[in-house]
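> First the structure, then my questions, so here it is.
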Amino acid sequence: MKQLAIIGSTASGKSDLALLLAQRHNALILSIDSLSIYRDIDIASAKPSKEELALVPHYGIDRLSPDKNASVMTFIDEYRRAYADAAREGKNLIIVGGSSFYLKSMLEGLSEIPAFSEQTRQKVRELLADLPSAHRLLSALDPEAMRKIAPGDAYRIEKLLLIHLETGLPPSKWFALHPPRPIISDCPVLELKVERNVLRERIFLRTEKMIRHGLIDEVAELEQRYGRAPNSMKAIGIIETLEFLDAKIDKPALIEAVATHTAQLAKRQQTFNAHQFSLSASGDASHLQEEAVPLLRPLQ
């Protein structure tokens with residue numbers, strides 16, 4: 001089997017391209033998207049339709065309840081499941097999604113993490129009750145590891161506390177002794193590019209379509225079932241709709257806010273992708289279709 005990854009900004013057409021290539025080259029699809037991973041978030045995530053999902057087996061979609069937190073480990077598990085199925089079935093694998101940070105983490109690898117005892121977990125829970133104090137403790141112990149971690153970053157502070165209390169080592173020392181090992185190898189990366197004015201128009205039209213197809217009702221139901229606390233409820237498209245439901249903005253303002261914030265996200269994604277990946281090819285959908293042919297060998 002062979003595999004490739006398609007990156008690009010939101011609304012660039014990555015999912016459509018992946019579906020086309022998967023059908024032509026006998027491939028499964030792994031979606032790496034921080035919102036499509038959740039069940040019940042269908043319109044806000046702009047995930048493929050049920051008809052599209054039925055055409056090619058997809059992984060990384062509808063795997064978590066919205067009140068759970070997705071992490072890089074979530075997508076590592078999905079990748080391993082997709083890879084094993086593709087190898088067993090004699091298929092190729094196409095990885096696609098806008099959450100390029102997860103893809104980068106899997107390409108570059110992660111350091112081994114020790115098993116944490118319940119005693120360690122309990123001690124960390126006690127320390128996290130005073131998050132600023134926990135941040136100061138780690139900063140004094142390991143300035144290198146804490147250099148880019150904000151005082152409110154509970155997730156990473158918890159991770160580093162767990163490592164320190166379990167091993168007795170400063171986290172940076174642990175990571176130096178356990179260098180990252182790639183999860184994904186032999187995977188060319190293709191970047192789908194769209195002109196800025198075309199992308200902005202697509203974003204606006206997609207936002208209007210989301211509203212027509214029931215975004216407001218979807219978010220209202222999500223709030224009723226899961227509340228507003230989960231990380232998934234803070235995503236673009238959801239957070240603005242909650243403001244609409246609170247009567248803070250009207251519908252035209254809702255559309256404008258979602259489209260604006262989505263365009264800002266697209267710009268951040270483009271900047272990240274430009275600096276973080278070694279690309280095998282870059283261009284529009286037609287160009288990448290041609291580039292993919294030698295990368296995904298025909299299977300009998």
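> Identify, among Gln264, Leu28, Ile238, the residue whose Cα sits farthest towards the positive end of the charge dipole of the chain, taking +1 on the Cβ of Lys and Arg and -1 on the Cβ of Asp and Glu, with the dipole about the Cα centre.
Checked the options; the winner is Leu28.
> Can you give me the C-alpha center-to-center distance between the stretch 243-300 and the stretch 160-232, rounded to a whole angstrom?
Answer, in whole Å: 13.
> Next question. How much of the DSSP beta bridge set in the chain is antiparallel, as a percent to the nearest 5?
Details: 1 of 19 bridges.
In the chain, DSSP labels about 5 percent of beta bridges as antiparallel.
> Next up: Lysines within cross-link reach of Lys159: Cα-Cα under 26 Å, excluding same-chain residues under 8 positions apart?
Partners found: Lys68, Lys104, Lys123, Lys148, Lys173, Lys234.
> Just order 247-253, 33-39, 151-157 by mean Cβ neighbour count inside 10 Å, highest at the front, would you?
Working: 247-253: 10.7, 33-39: 22.0, 151-157: 14.4.
The most tightly packed comes first, giving 33-39, 151-157, 247-253.
> Obtain the nm distance between the two label points defined at Asn231 and Ser49 by a simple spin-label model: each point lies 7 Å from its Cα along the Cα-to-C-beta direction.
Taking the simple label geometry, Asn231 and Ser49 are separated by 3.1 nm.
> I want the local charge near His135. Using Cβ-Cβ distances under 14 Å, sum +1 for each Lys or Arg and -1 for each Asp or Glu among the other residues.
Values: positive: Arg136, Arg147, Lys148, Arg156, Lys159; negative: Asp130, Asp142, Asp153, Glu158.
Charge balance near His135 sits at +1.
> Can you tell me the FRET efficiency between Asp40 and Arg196 if r is taken as the Cβ-Cβ distance and R0 is 35 Å, rounded to the nearest 0.05?
Efficiency for this residue pair is about 0.60.
> How high is the relative contact order of the stretch 118-177, in percent, with contacts defined as C-alpha pairs under 8 Å that are six or more residues apart?
Over the stretch 118-177, the number comes to 34 percent.
> Work out the charge dipole of the stretch 118-177 with +1 on the Cβ of Lys and Arg and -1 on the Cβ of Asp and Glu about the Cα centre, then indicate which of Leu162, Ala150, Leu138 is farthest towards its positive end.
The Cα lying farthest towards the positive end belongs to Ala150.
> With a cut-off of 8 Å between alpha carbons and a minimum separation of six or more residues, what is the relative contact order of the chain in percent?
After rounding, I find 29 percent.
> Distance in nm between label sites at Asp67 and Thr260, each 7 Å beyond Cα in the beta-carbon direction?
Going by the 7 Å Cα→Cβ label model, 3.4 nm.
> Beyond 23 Å, what percent of the Cα pairs of the stretch 1-132 remain?
For the stretch 1-132, the share of Cα pairs beyond 23 Å comes to 39 percent.
> Taking Cα atoms of the stretch 60-208, Rg/Rh with Kirkwood Rh, to two decimals? Provide the component values of the computation, followed by the final result.
Working: Rg = 19.4 Å, Rh = 18.5 Å.
My calculation puts Rg/Rh at 1.05.
> Select from the stretch 202-238 those GluC sites (Glu not before Pro) which occupy a DSSP coil region and have at most 10 other Cβ atoms within 10 Å, ordered by residue number.
Qualifying residues, ordered by number: none.
> Right, something else. Measuring from a point 7 Å past the Cα of Gln224 along Cα-to-C-beta, which residues in the stretch 246-269 have an amide N at less than 12 Å?
none
> Which three lengths, in whole Å and largest first, does the chain cover when its Cα atoms are put on their principal axes?
Result for the chain: principal-axis Cα extents of 54, 53, 31 Å.
> Going by how many other Cβ atoms sit within 10 Å of their own, how do Val124, Val72 line up, fewest first? Numbers along the way, then the final one.
Values: Val124 21, Val72 17.
Ranking Val124, Val72 by Cβ neighbours within 10 Å, fewest first, gives Val72, Val124.
> Another question, if that's okay. Find how much the distance from Leu177 to Asp16 grows on full extension, using 0.36 nm per residue of separation minus their present alpha carbon separation; answer in nm with one decimal.
Working it through step by step, the gained length comes to 53.7 nm.
> Evaluate the charge dipole of the chain about its Cα centre and quote only its size in Debye, nearest 20, assuming +1 on the Cβ of each Lys and Arg and -1 on the Cβ of each Asp and Glu. Please list the in-between numbers first.
Working: 38 positive and 39 negative charges, 104 e Å.
It works out to roughly 500 debye.
> If you don't mind, another one. What is the calculated FRET efficiency for Arg88 to Leu128, with r their C-beta to C-beta distance and R₀ = 25 Å, to the nearest 0.05? Could you put the intermediate results ahead of the total?
On the way: r = 42 Å, r/R0 = 1.67.
It comes out at approximately 0.05.
> Please report the Cα spread of the stretch 118-177 along all three principal axes, rounded to whole Å, starting with the longest.
Rounded to whole Å, the extents work out to 28, 25, 17 Å.
> Let's test the formula: R0 of 22 Å, r as the Cβ-Cβ distance of Ala140 and Asp77. What FRET efficiency results, to the nearest 0.05?
Step by step, r from the Cβ atoms, then E = 0.05.
> Where does the charge balance sit around Thr120 when Lys and Arg score +1, Asp and Glu -1, over other residues with C-beta under 13 Å from its C-beta?
Result for the local shell: 0.
> Given only helices, namely DSSP H runs of n ≥ 4 each adding -39500 (n - 2.57), what is the per-residue ellipticity at 222 nm of the chain, to the nearest 500 deg cm²/dmol?
Taken over the chain, the calculation gives -16500 deg cm²/dmol.
All of the numbers you see were taken from the coordinates with simple rules; none came from a lab. What you see is a predicted model, and the numbers here were worked out from it, not measured in a lab. All Cβ positions, even for glycine, are placed from backbone atoms using ideal geometry, and neighbour counts span all protein chains on display.
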